1. In whole Hz and in residue order, list the ³J(HN,Hα) couplings for region 61-69 that follow from phi through the Karplus curve 6.51 cos²θ - 1.76 cosθ + 1.60, θ = phi - 60°; x for Gly and Pro.
2. Could you tell me the ratio Rg/Rh of region 13-135? Both radii from Cα atoms, Rh via Kirkwood.
3. When ARG138, ARG106 are ordered from fewest to most other Cβ atoms inside 10 Å of their Cβ, what list results?
4. When LYS89, LYS124 are ordered from fewest to most other Cβ atoms inside 10 Å of their Cβ, what list results?
5. With an 8 Å Cα cut-off and a minimum separation of 6 or more residues, compute the relative contact order for region 13-135 in percent.
Amino acid sequence: MAQPVDTALLSHVLVPVATAEDARATAQRLAPYTPDHVTALHVVEKGGGSPDKTPVEQSEEMAAEAFAAVREEFPDAETHTAYSRNVVKAIFEAAEEVDASAIAYRSRGGNRLVQFLSGDRSLKLVTQADRPVIALPRVDSDDE
């Protein structure tokens with residue numbers, strides 16, 4: 001039996017962001033859809049036995065800058081920082097923690113090799129989520 005559809009898709013949107021530039025562009029693409037509540041998420045990738053990609057302090061600074069960029073569009077946005085080896089899993093866990101109605105993201109692009117090497121996070125995000133995932137339009141000057 002099918003579950004009833006949640007009509008409040010945009011009641012609480014989790015927005016994963018990486019950098020201030022990414023956060024700004026993502027928030028701008030989300031704004032026309034007027035979500036009721038936004039939580040910005042930054043995942044600090046941990047090395048899991050190998051050195052971290054960036055020092056934790058630098059990652060936390062990047063998160064603060066990204067959160068500030070989201071708040072340019074959504075002044076009341078909440079923030080959430082996760083620390084994990086698996087970015088997609090961290091997004092799913094954060095969505096559960098904050099009780100997000102949906103996850104909205106903007107693909108960061110990259111060629112097929114980059115997608116292959118990264119495990120194509122976008123594909124995992126849209127095929128393995130337990131809640132709706134909104135792929136926001138990607139219309140940048142470098143994409144035209």
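1. Residue by residue, region 61-69 yields 5, 4, 4, 4, 5, 5, 5, 4, 5 Hz.
2. Details: Rg = 13.7 Å, Rh = 14.6 Å.
Over the Cα atoms of region 13-135, Rg/Rh equals 0.94.
3. Neighbour counts put them in this order, fewest first: ARG138, ARG106.
4. Ascending number of Cβ neighbours within 10 Å: LYS89, LYS124.
5. Relative CO of region 13-135 lands at 32 percent.
None of the figures in this text is laboratory data; all of them are computed from the coordinates on show. All values reported here derive from a predicted model rather than from experimental measurement. As a convention, Cβ positions derive from the backbone with ideal geometry for all residues, glycine included, and neighbour counts pool all protein chains shown.
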